[in-house]
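The structure under discussion appears below in the form of structure tokens.
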Amino acid sequence: MSESGPTATEADDASLIARSRHEPEVFAEVFRRYAPQIKRYVTRRLGPDAAEDVVADTFLLAFRQRDRYDLSQPNARPWLYGIATNRIGRHRRGEVRLLRALARTGADPVTESFTDRSDERVSATAVRRRLADALAKLPAGHRDALLLVAWAGFGYAEAAQALDVPIGTVRSRLSRARTKLREELGGADPTSIGEEALHG
Amino acid sequence: MDEMAQLNLLRAEVPEPDLPGLRAEEERLMAAIAEPTGSGPARRTSRRRVFVRVGVAGGLAAAAVAAAVAVSLDSGPRPALPAPPPSAVAPVAVIRTLDHAAEAALRRPEPHPRPGQFLVVRSRSLEEVDSDSARYLSDTRRTVWLPVAGDATGGVIEEQVLAPKAYPGWPIPPEARTEQGAHGPDRLADFDGRAEYLRNDYAYLSRLPTDTAGMRRHLYVGAKRGAEGDRDAWQRVGGMLTEAYLPAAQRAALFRAAATIPGAEAVASAQDAAGRAGVAVAMTDPEAGTRQEYIFDRHTYLYLGARTVIVDPAKARGTKGGVTESTAQLSVRVSDTAPRIKKN
């Protein structure tokens, strides 16, 4: 049973939000639909401690701003990730610090509480360190666009909606961010590095 | 593997939490939702005598047997099985809660009591006691042994009467303390004057329909017309859940049928008589000035208990938000025997 997102028989997000303007408790359903995936996304960016605050703030803000939700948008996912991205912005330095720690040491403070296996993907460490380094160096807006696409599975249009920028902006940010990543991973053929790191 | 695929693997081991893992976040949202400053019309509530007592001769009559049964027992013949009113589209939160509750009922291990055995139900109950000049809440821990075959007159009760609690807005009178202590084992009831359709013994409940429409018809048998009938039906839901064991199939049907009763509303947070918090579905009685709530565990959606809350202080003669009645269903087990009744 998936709790993330409405199924065909359920009300769409816009009608839930419209209803929650008169029946506030209906908003709890919006939480149940999206909080799990948003929590995972924010945790991947900021680690579990900050994620709890950010997710709680995200839904509180969304609840308080529900009167301003554009009811012509049936799907509330971009709106919620947009609010979450904003809140993540307040932890920018923390995010970069965590990425740099991973780049420097190969140990990831974000995932350590989720991995109890001592053998966790040691061989992939080199790639992870380079990726973390590249992510840390990206401009914040580029990192936001890149990770919405890579980690939250957003298309360009959805990402543009979430970030409240034109779709062309998302496209160019993404393209530049990907170039940076490729360079960091080893120039023209990142695959060789990846394979080497995984098997070597 | 290209850079996007590599990026996908980064921190991929971070799991998506389930809802219990989001409790802290959910509680903060629920607190905001519950704030009275929330937009929209104020939540409605009501007061109405929900509990009818099964007759008990002598002794503890007042606080003894609360069978949580609807009141509409007006005498007089009624046409058999009139069609119930059309279903209403309930708020999403009501449907969701009751749907989860139905699924939870079906997942639960089910006792299969045999005739000759007893269902042993432990519960906690806060009930209103009033006299001419005083009102208070009697707080009791109850254990009842209900015969699997037969009605409450074959049952046994043991009670622990706890310190009385205040009826919202009223002082606790001195006489309220005189009942405190252990009572029983006593006969549960000397007579049971309920209409057939209000029975809540296992033999009867296990023969009720297991489909939503059939259960809905049962809820409306003998009910009045209009909103009052909807409230009757709503109360009857509680009658089947309080100090009774409703088999899983009927229980699931009951929750689904309850979701079709017009006027059902969602309550973000409620506490049962044992202090357990959960979410509730409710119906307001504007004439009584109260709201009757059925409370479910926020995560497992198992039924916890019921309570009645004052929404209109003038009508209910008490303070707004005060709880005038509540129950908590704590456990059910099967036993071959019941305690021997004390001779007076």
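What to note about this one:
- Label separation (B:A166 vs B:A149): 5.2 nm, computed from points 7 Å beyond Cα along the C-beta direction.
- 28 Å Cα-Cα reach of A:K39 towards lysines, excluding residues that sit fewer than 8 places from it in its own chain: A:K137, A:K180
- Positive-pole candidate from A:A76, A:V54, A:A35, dipole of region A:9-90, charges at beta carbon: A:V54
- Computed over region B:277-344, Cα set: Rg, Dmax in Å: 16.8, 49
- Spin-label pair A:T179/B:A314, simplified geometry with 7 Å Cα→Cβ offset, distance in nm: 7.3
- Dmax and Rg, reported as Rg then Dmax, of region B:181-278 (C-alpha, Å): 15.2, 45
- Loss of accessible area when A meets B, both sides summed, Å² nearest 100, probe 1.4 Å: 4700
- Under 20 Å from B:K165, Cα to Cα: aspartates and glutamates that are on another chain or at least 8 residues apart: B:E127, B:E128, B:D130, B:D132, B:D139, B:E175, B:E179, B:D272, B:E293, B:E325
- Percent of C-alpha pairs per 10 Å bin, region A:9-90, short to long: 19, 53, 24, 4
- Normalised by the number of residues in region A:9-90, the average gap of Cα pairs under 8 Å and 6 or more apart makes the relative contact order 41 percent.
- Restricting region B:300-344 to trypsin sites (Lys or Arg not before Pro) in coil, as DSSP defines it, with at most 16 other Cβ within 10 Å: B:K320, B:R340, B:K342, B:K343
- The calculated P(r) of region B:87-196, using every Cα pair and 5 Å bins from 0, goes 2, 10, 13, 12, 14, 14, 16, 12, 7, 1 in percent.
- Separation between Cα centres of region B:201-244 and region B:118-142, rounded to whole Å: 23
- Those chymotrypsin sites (Phe, Trp or Tyr not before Pro) in region B:180-283 that DSSP places in a loop and that have at most 14 other beta carbons within 10 Å: B:F191
- For B:E325, the residues whose amide H sits under 5 Å from its own are B:T308, ignoring neighbours fewer than 5 places away on the same chain, with H placed 1.01 Å from N.
- Percent RCO, i.e. relative contact order, over region B:220-344, from Cα pairs under 8 Å lying at least 6 residues apart: 17
- Inter-label distance for B:Y204 and B:A34, nm, one decimal - labels placed 7 Å from Cα along Cα-to-Cβ: 3.5
- Nearest-10 value in Å² for the accessible area of B:E27, using the 1.4 Å probe: 100
- For region B:136-229: rounded, prolate or oblate by the Cα gyration tensor [a/c cutoff 1.5]: oblate
- Amide H partners (placed H, <5 Å) of B:G155, local residues excluded: B:L188, B:A189
- Computed with every protein chain present, the accessible area of A:H22 is close to 110 Å² [probe 1.4 Å].
- Per-pair calculated FRET efficiency, R0 = 51 Å: B:R225 and B:R23 via Cβ, rounded to 0.05: 0.75
- Euclidean distance between Cα centres, region A:57-77 to region B:257-315, Å: 27
The values are calculated or read from the model by the stated rules, or taken from the named source; none is laboratory data. Note that this is a predicted model, so its numbers are computed, not measured. Neighbour counts run over all protein chains shown; Cβ positions are idealised from the backbone, glycine included. Heavy atoms of the whole protein, side chains included, go into the accessibility calculation; ligands, DNA and RNA do not. Shrake-Rupley method; radii C 1.70, N 1.55, O 1.52, S 1.80 Å.
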